[in-house]
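Structure first, then comments.
The values are calculated or read from the model by the stated rules, or taken from the named source; none is laboratory data. Keep in mind it's a predicted model, so treat the numbers as computed, not measured. Here Cβ is always computed from backbone atoms with ideal geometry, including for glycine, and neighbour counts include all displayed protein chains. We work out accessible area using only protein heavy atoms, side chains counted, and drop any ligands, DNA or RNA first. Shrake-Rupley method; radii C 1.70, N 1.55, O 1.52, S 1.80 Å.
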Amino acid sequence: MARESAVALVPLGSEARTRNLVFLAGMLAWLLYTRVYFAASAGHVTLPACPFLLLTGHPCPFCGGTRSFAYMWQGDAAHAARLYPLGPGFFYATLLAIPVLAAGRALNRGVSLPRVWWKALLAAAVTVLAFSWMLKLSVLPN
């Protein structure tokens with residue numbers, strides 16, 4: 001039995017297997033969409049613009065993410081980061097997460113983190129996202 005403060009590799013229940021499969025499918029679909037984004041944009045068959053941007057005139061915390069991923073596919077990390085500061089990191093994290101989720105699904109295993117780690121990760125993620133959004137609202141292009 002794993003200690004409460006330890007990271008553990010645990011068997012996945014049916015809910016976790018389903019959740020991981022949905023994440024995996026979503027990441028694969030997102031990568032495919034961003035891979036063909038510029039061609040789709042030329043054909044006017046992209047997803048609608050950000051509703052937050054349309055309603056407020058200001059970018060949301062994720063505005064620029066699609067174009068950032070599209071530029072990452074072209075190897076232009078500098079342009080991707082100017083559009084969305086977290087884009088290159090999210091791009092590489094997605095590329096890493098896909099085989100990890102697929103292996104976890106195949107092996108029926110997942111990583112269990114202690115609650116305190118989840119809280120720390122959430123706090124760090126919110127802080128980084130807020131800083132990125134401040135940059136988007138103040139100095140970076142939309």
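Taking all protein chains together, 67, 105 sort by accessible area into 105, 67, largest first [probe 1.4 Å]. Skip the ligands, DNA and RNA, and give the accessible area per residue of the chain with a 1.4 Å probe, whole Å². So the chain comes to 66 Å² accessible per residue, rounded to a whole number.
In the elastic network of the chain, a GNM with C-alpha springs shorter than 10 Å, the most mobile of 18, 56, 127 is 56.
Heavy-atom accessible area for residue 32, with the other protein chains in place and a 1.4 Å probe, reaches approximately 110 Å².
Of the listed residues 71, 92, 84, the order by accessible area with a 1.4 Å probe, largest first, is 92, 71, 84. Under a Gaussian network description of the chain, with springs only between Cα atoms under 10 Å, the residue in 117, 30, 73 that fluctuates furthest is 117. Accessible area per residue was computed with a 1.4 Å probe on protein heavy atoms; residue 82 scores about 120 Å². Between amide H atoms placed 1.01 Å from N, distances below 5 Å from residue 112 occur with 8, 9, 10, all of them 5 or more places distant or on a separate chain. Couplings 3J(HN,Hα) of region 58-75, computed from phi: 10, x, 7, x, 10, 4, x, x, 5, 5, 4, 4, 4, 5, 4, 4, 8, x Hz, in residue order, whole Hz [Karplus 6.51 cos²θ - 1.76 cosθ + 1.60, θ = phi - 60°; x for Gly and Pro].
As a fraction of the 1.4 Å probe accessible area of region 1-102, surface on carbon and sulfur atoms comes out at 69 percent.
Sum -39500 (n - 2.57) across every DSSP H segment of at least 4 residues in the chain, then divide by the residue count to get the 222 nm mean residue ellipticity, nearest 500.
-21500 deg cm²/dmol
Counted residue by residue at 0.36 nm each, then reduced by the alpha carbon distance between them, the extension gain from residue 47 to residue 106 reaches 18.0 nm. In order along region 92-102, phi translates into HN-Hα couplings of 5, 5, 5, 4, 6, 5, 4, x, 5, 5, 5 Hz, rounded to whole numbers, per the Karplus curve 6.51 cos²θ - 1.76 cosθ + 1.60 with θ = phi - 60° and x for Gly and Pro. As a calculated quantity, the FRET efficiency between residue 125 and residue 40 at R0 = 30 Å, using C-beta atoms, amounts to about 0.55.
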